[in-house]
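The values are calculated or read from the model by the stated rules, or taken from the named source; none is laboratory data. This structure is a prediction, so every number in the text was calculated from the model and none was measured. For neighbour counting, all protein chains shown are included, and Cβ atoms are generated from backbone atoms with ideal geometry for every residue, glycine included.
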Amino acid sequence: MGRMAPLLKLGLPKGSLQEATLQLFQKAGFRFTVSGRSYSVLCDDPEIEAVLIRAQEMARYVEQGLFDVGLTGKDWIEETGARVVEVAELIYAKQSMRPVRWVLAVPEASAIHSAKDLQGKRIATEVVGLTRRYLERHGVQAEVEFSWGATEIKAPYFVDAIVEVTETGSSLRANQLRIVDTVLESTTRLIANAKAWADPAKREKIESIALLLQAAIQAEGKVGLKMNVPQARLEEVVALLPSLTSPTVSHLAASEWVAIEIIAEESEVKRLIPSLRRAGARGIIEYPLNKVID
């Protein structure tokens with residue numbers, strides 16, 4: 001018998017989000033193998049056929065059915081105007097777990113301090129459509145030109161302002177640019193083709209992927225803690241636990257001891273463990289978490 005065709009064609013973002021995306025999928029339980037410079041990616045799930053493609057092109061290809069499902073930014077969905085199903089918001093990025101921003105930026109000495117000051121000016125950006133709609137919202141007419149890259153260096157030499165993506169603003173500051181306004185805040189979205197979403201088998205698989213990816217994000221920065229506590233000191237130990245944590249308490253064979261298990265922020269553990277030890281907790285174990293599902 002020949003090999004059955006995969007259930008889903010999955011588009012993965014190539015470029016700045018590639019490594020973060022592959023790591024997220026690995027935590028979710030899907031392992032991908034990238035072969036050299038190839039755009040095709042092997043997946044340990046036989047129901048998935050994956051290809052790397054630029055995030056800028058993803059929404060259009062998903063809309064056309066070349067992919068059943070893919071990951072791209074909200075910015076590129078809006079820029080292309082693609083009609084796709086937004087299955088889930090996935091807040092992760094290449095440097096942080098924060099959304100990215102497309103910002104209007106100008107040279108530090110520029111007289112531009114608001115959108116209104118852009119009247120008759122020249123703007124360079126990769127997101128021409130987003131920028132034009134931003135200007136329309138503010139009732140401003142300005143020339144918007146597509147930038148093929150290195151947008152930060154084009155002001156003030158070639159243009160009056162730029163619209164560029166940033167996570168931290170460090171690259172803009174390094175180029176002596178000042179942020180005037182946020183044009184769009186964007187996070188990564190898991191998107192699906194409308195026909196694929198209408199197919200019960202494909203939809204079930206897409207929803208499962210979404211659940212596991214969100215669970216992996218939910219686990220980011222968290223760890224599990226297990227410990228044994230004398231029954232007599234249970235209240236003292238519980239009082240030390242993070243206020244938002246609901247601990248699991250189990251009785252041990254030795255009736256004077258109980259076992260406690262919690263999920264905690266990894267950043268709190270270095271303070272928490274010594275306090276728990278002093279309060280009587282013993283056999284404290286810290287373990288990593290791949291997924292947290294509410």
- Item | Conditions (1) in contact with a strand residue (DSSP E or B) (Cβ under 8 Å, 6 or more places away or on another chain); (2) more than 20 Å from A20 (Cα to Cα); number of the one not met by L213 | (2)
- Name every residue in the stretch 11-26 that is surrounded by fewer than 21 Cβ atoms within 10 Å (Cβ to Cβ) and assigned to a strand (DSSP E or B), in order of residue number. K14
- Message: If R137 satisfies all but one of (1) in contact with a helix residue (DSSP H, G or I) (Cβ under 9 Å, 6 or more places away or on another chain); (2) among the basic types (K, R); (3) surrounded by 13 or more Cβ atoms within 10 Å (Cβ to Cβ), what's the number of the condition it fails?
- Response: (3)
- Can E86 be described as acidic (D, E), in a helix (DSSP H, G or I) and modelled with pLDDT of 95 or more? no
- Note on the structure: Expected output for the stretch 45-65 (first residue β-branched (V, I, T), partner assigned to a loop (DSSP other than H, G, I, E, B) and crowded, with 21+ Cβ neighbours inside 10 Å, Cβ below 7 Å, 6+ apart or cross-chain) is V62/V84; V62/N193
- Checked against (1) within 30 Å of R278 (Cα to Cα); (2) at pLDDT below 95, K226 satisfies every condition except (2)
- Might you check whether a residue that is in the same structural domain as K195 (by TED's automatic domain parsing), touching a strand residue (DSSP E or B) at 6+ places or on another chain (Cβ under 7 Å) and surrounded by fewer than 18 Cβ atoms within 10 Å (Cβ to Cβ) occurs anywhere in the stretch 51-59? yes
- Task: Would you mind finding the one in E261, E268, E256, E236 that is of a type in the set (D, E), over 18 Å from K27 (Cα atoms) and touching a Ser or Thr at 6+ places or on another chain (Cβ under 8 Å)?
- Result: E261
- Task: Please work out if E164 is of a type in the set (D, E) and either touching a Gly at 6+ places or on another chain (Cβ under 6 Å) or buried (at least 16 other Cβ atoms within 10 Å of the Cβ) (or both).
- Result: yes
- Query: If you check S250 against the conditions, is it at pLDDT below 95, part of a strand (DSSP E or B) and either loosely packed, with under 14 Cβ neighbours inside 10 Å or not assigned by TED's automatic domain parsing to the domain that holds A279 (or both)?
  - Reply: yes
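Which of the following residues is among the hydroxyl-bearing types (S, T, Y), more than 30 Å from A194 (Cα to Cα), surrounded by 19 or more Cβ atoms within 10 Å (Cβ to Cβ) and not assigned by TED's automatic domain parsing to the domain that holds I209: S114, S147?
After ruling out the rest, the residue left standing is S147.
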- By residue number, the members of the stretch 27-36 that are closer than 18 Å to E49 by Cβ and either in contact (Cβ under 8 Å) with a residue 40 or more places away in the chain or not in a loop (DSSP other than H, G, I, E, B) (or both) are A28, G29, F30, F32, T33, V34
